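Peer 1: First the structure, then my questions, so here it is.
The values are calculated or read from the model by the stated rules, or taken from the named source; none is laboratory data. Note that the structure is a prediction, hence the values are computed from the model and not measured. Every residue, glycine among them, receives a Cβ derived from its backbone with ideal geometry; neighbour counts consider all protein chains shown. Accessible surface areas use protein heavy atoms only, side chains included; no ligands, DNA or RNA. Shrake-Rupley method; radii C 1.70, N 1.55, O 1.52, S 1.80 Å.
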Amino acid sequence: MSTSTAPTSSDAPGLRVGVIGLGFAGTTHLDAFTALPGATVVALSGQEPARLAELAESRGVPETYADWEDLVARDDLDIVSIGVPNALHHPIAVAALRSGKHVFCEKPLATTADLAAEMVEAATAADRVLEVAYNHRRRADVAYLARYLAEEPIGRVYHSRASWLRRQGVPGIDSWFTNKAAAGGGPLIDLGSHVLDIALSLLGEPRVTHVSAVAYNELGRAGRGGSSGGGPVSSRSTHAFDVEDFASALLRFEDGGSLQLEASWASYSKAHEDISVELLGSEGGVRLHVDNYNTEGTVTIYRDVAGAPTIERPAVQVPAGHHQSVIAEFLDTIRAGETAGGELRFAGHHGEYALHRSRVIDAAYASAAAGHELEVPA
C-alpha cells in the first residue's frame, strides 16, 4: 500500500530510484542517492511505519510502501536499492531485475552462492546493472594503494593477509545477524567479505581456486561479545546463535599466490576494531591498517633503498562517504550504458565479481564444516 507524503514532480530529473530498507544500510543508500545529482528517490519501503514516515518526510520522498513488492511493481523506476537483511536480497533483486530495473544491493550479494548466481543470471538476461555495496574499496587509502601498485610494482605478490577483527562487536545477539537462515553466516560474510574485496581488487582480481577454513562460536553462543559493555549482553538468544563469531581461511589463487583471511565479531584480543590488508611482494610490501577507524596514518610501504630496509608512511587523508562513492560509480555505469551501442550495453556489470566473492565465502564455510580444503567452483 502506498502513502503519499509529498507532491510528486512529473519532471523529476535523472534516474528515478526506489529504496527498500529503513535500517543503517537502507538509510545510508537513501542519503547517498539523495545527495548525488542525476538521481531522485521517489519511493521508499519498510516495515516500521513511524520510521518510514520520518525518513520520507525528512528526505523528501513522495511515496512510501509497507511491502517491497509494491515498490518493485512500479513501472516508472529506473533503480531499486536494497538495504535489508541478507535473506531478502535475492528475492527483491531478482524481481527488480526481471522487471527491467537496475539494482544496487547491500553486501553480500546473497546468503549463498547459488542464490547469488541466480541474481547474476537475472541481471545478465535483463542486461541491467547489478552492483554491490563493497564501499570500503572506495576508501581514499585503498585508492592510493591501487595507484601506488600501478606506478611502483612490488614484484610478484606471493602472499597476502586480510582481516577485520573485533574484540566485542556482535551486531545484535538477538538480531537477524546471528541467524544463519537470515544472514548466511557471521563475521566472515559480514566483515570478511569487505576485506576480501579490498585484497582481490588490489591484487588484480585473481581467481581463488581452493579454500581451507576453520570457524568457531565460543563467545556468541554464550551471550558474550556484544558491542555494549564488557560482560554478557543477554543470557540466551530467542533463536539459535547458529553462525560463527570467528573464522580464519587460507585461500589459494590460480596464479600460485595465497591469502590468509580472518574475521571476528568477538575474541579476547585487541580492544579496538582492527582492519588490515597486507600484500607481500618479491620487491616490496604494502599494508593498509585501520585501527579503531583511524583516518590518518593507515598506509605503510616497505622497500629496500640502496640495500637498506625502508618504511614509508605517506600522508593520506580518508574522508567519509564511501557509500556515496560506490553509488556515484553505479550511476555513471548506468549513464554510460544508456548511450552505448551493442546488444549488451552493461556487459561486465552484472555482478560477476561479487558472485566470485560469494563462492569463496561459501567454500570457506563448507571447508570449515568438512574439516579439510575444498575447491572453489569457477
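Peer 1: Taking just the C-alpha trace of the stretch 231-378, give me its Rg and Dmax in Å.
Peer 2: When restricted to Cα atoms, the stretch 231-378 yields Rg and Dmax of 20.6, 62 Å.
Peer 1: Now, a different point. On the accessible surface of the stretch 277-355, probed at 1.4 Å, how many percent belong to carbon and sulfur atoms? Let's see the in-between values first.
Peer 2: Numbers: 2070 of 4180 Å².
The nonpolar share, carbon plus sulfur, comes to 50 percent.
Peer 1: Now, a different point. Pop out the Kirkwood hydrodynamic radius of the stretch 22-154 from its pairwise C-alpha distances, inverse of mean 1/r, in Å to one decimal.
Peer 2: 16.0
Peer 1: Mind checking the per residue accessible area of the chain for me, 1.4 Å probe, whole number of Å²? Provide the component values of the computation, followed by the final result.
Peer 2: Working: 16060 Å² over 378 residues.
Solvent-accessible surface per residue comes out at 42 Å².
Peer 1: How large is log10 of I(q)/I(0) for the stretch 77-165 at q = 0.11, 0.17, 0.19 Å⁻¹ when the intensity is taken from the Debye formula with one equal scatterer per alpha-carbon?
Peer 2: Results for the stretch 77-165 at q = 0.11, 0.17, 0.19 Å⁻¹ read -0.44, -0.78, -0.85.
Peer 1: Can you divide the C-alpha Rg of the stretch 163-209 by 2.2 N^0.38 Å and report the result to two decimal places?
Peer 2: 1.37
Peer 1: Sort the following peptides by mean Cβ neighbour count (other Cβ atoms within 10 Å, averaged over residues), highest first: 319-332, 213-226. Can you show the working numbers first?
Peer 2: Values: 319-332: 18.0, 213-226: 19.9.
The peptides rank, most packed first, as 213-226, 319-332.
Peer 1: Full-extension gain between Ala271 and Asp67, please, as 0.36 nm times their residue separation minus the C-alpha to C-alpha distance.
Peer 2: Working: separation 204, 0.36 × 204 = 73.44 nm, distance 4.05 nm.
Working it through step by step, the gained length comes to 69.4 nm.
Peer 1: Still on this structure, please answer the following. For the chain, give me the percentage of DSSP beta bridges that are antiparallel, rounded to the nearest 5 percent. It would help to have the intermediate numbers written out before the result.
Peer 2: Working: 45 of 73 bridges.
So the antiparallel bridges in the chain amount to around 60 percent.
Peer 1: Treating the chain as a set of equal point scatterers at the Cα positions, no solvent, please give the Debye-formula log₁₀ I(q)/I(0) at q = 0.09, 0.11, 0.15 Å⁻¹.
Peer 2: Log10 of I(q)/I(0), two decimals: -0.54, -0.81, -1.42.
Peer 1: Write down Rg/Rh for the stretch 19-82, rounded to two decimals, with Rg from the C-alpha atoms and Rh from the Kirkwood relation over Cα pairs.
Peer 2: Details: Rg = 10.5 Å, Rh = 11.5 Å.
Across the stretch 19-82, the Cα-based Rg/Rh ratio is 0.91.
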